[in-house]
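Below you'll find the structure, written out as structure tokens, and then a few comments.
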Amino acid sequence: MPKDNDALWFSKEVHPHGGQLKCYLKGHFPAVRDVDDVVQESFLRLWKARTVRPIHSAKAFLFKVARHVALDLIRRERISPVFSAGDLSSLSVIEERPDAAEALTEREIISLLGDAVVALPARTRAIIILHKFQGLSQVEVARQFGLTAKAVEHQVARGVQLCEKYLRARGYDFL
């Protein structure tokens, strides 16, 4: 595709959503200090992604990318915050439970993993559920399906690979 078409596509399909994206980020991710950086990084990632595959909904893709960028920034801040605490004895006890952004991300991943399992072929899905989620051994699963333990092992490995592929295709590269 010629570069002029890319620039035209970007100016018509992506850039007009910049203001709305800033408002979304400010409302949903108040911990992000520089929303403009998140928007620019999101534009860049969307531009790069379009060179690899077609993007059917630029706005949806842009907002999804921005959400991931913002969550990554928040996680990075939590791991290595840049602030001076001064006298630590004056600070209150730290709460151990995850905050709203962390809990939302965890729920999204669990939901997406559920979608990945549902997308598996029927027999592979049943084997994964029995072995990974219900804790049956490969031998027990093999008996139920009239298979060898080696065949169950193969199906489990295949199911895990397909789930990983499903998650990676949706931007989760943590496996």
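Set side by side, the residues 146, 171, 114, 159 differ, and just one is in contact (Cβ under 8 Å) with a residue 60 or more places away in the chain and among the small types (Gly, Ala, Ser), which is 171.
Residue by residue, here is whether (1) crowded, with 18+ Cβ neighbours inside 10 Å; (2) modelled with pLDDT of 90 or more; (3) out of contact with any strand residue (DSSP E or B) (no Cβ under 9 Å at 6 or more places or on another chain); (4) farther than 18 Å from residue 64 by Cα holds:
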| residue | (1), (2), (3), (4) |
| --- | --- |
| 2 | no, no, yes, yes |
| 7 | no, no, yes, yes |
| 10 | no, no, yes, no |
| 14 | yes, no, yes, no |
| 18 | no, no, yes, no |
| 21 | yes, no, yes, no |
| 29 | yes, no, yes, no |
| 32 | yes, no, yes, no |
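Of the residues contained in the stretch 57-65, one or more are found to be free of Cβ contacts under 8 Å to residues at least 24 places away in the same chain, among the aliphatic types (A, V, I, L, M) and closer than 21 Å to residue 168 by Cβ.
The values are calculated or read from the model by the stated rules, or taken from the named source; none is laboratory data. A quick note: this is a predicted structure, and the numbers were derived from the prediction, not measured. Note: ideal-geometry Cβ built from the backbone for every residue, glycine included; neighbour counts use all protein chains shown.
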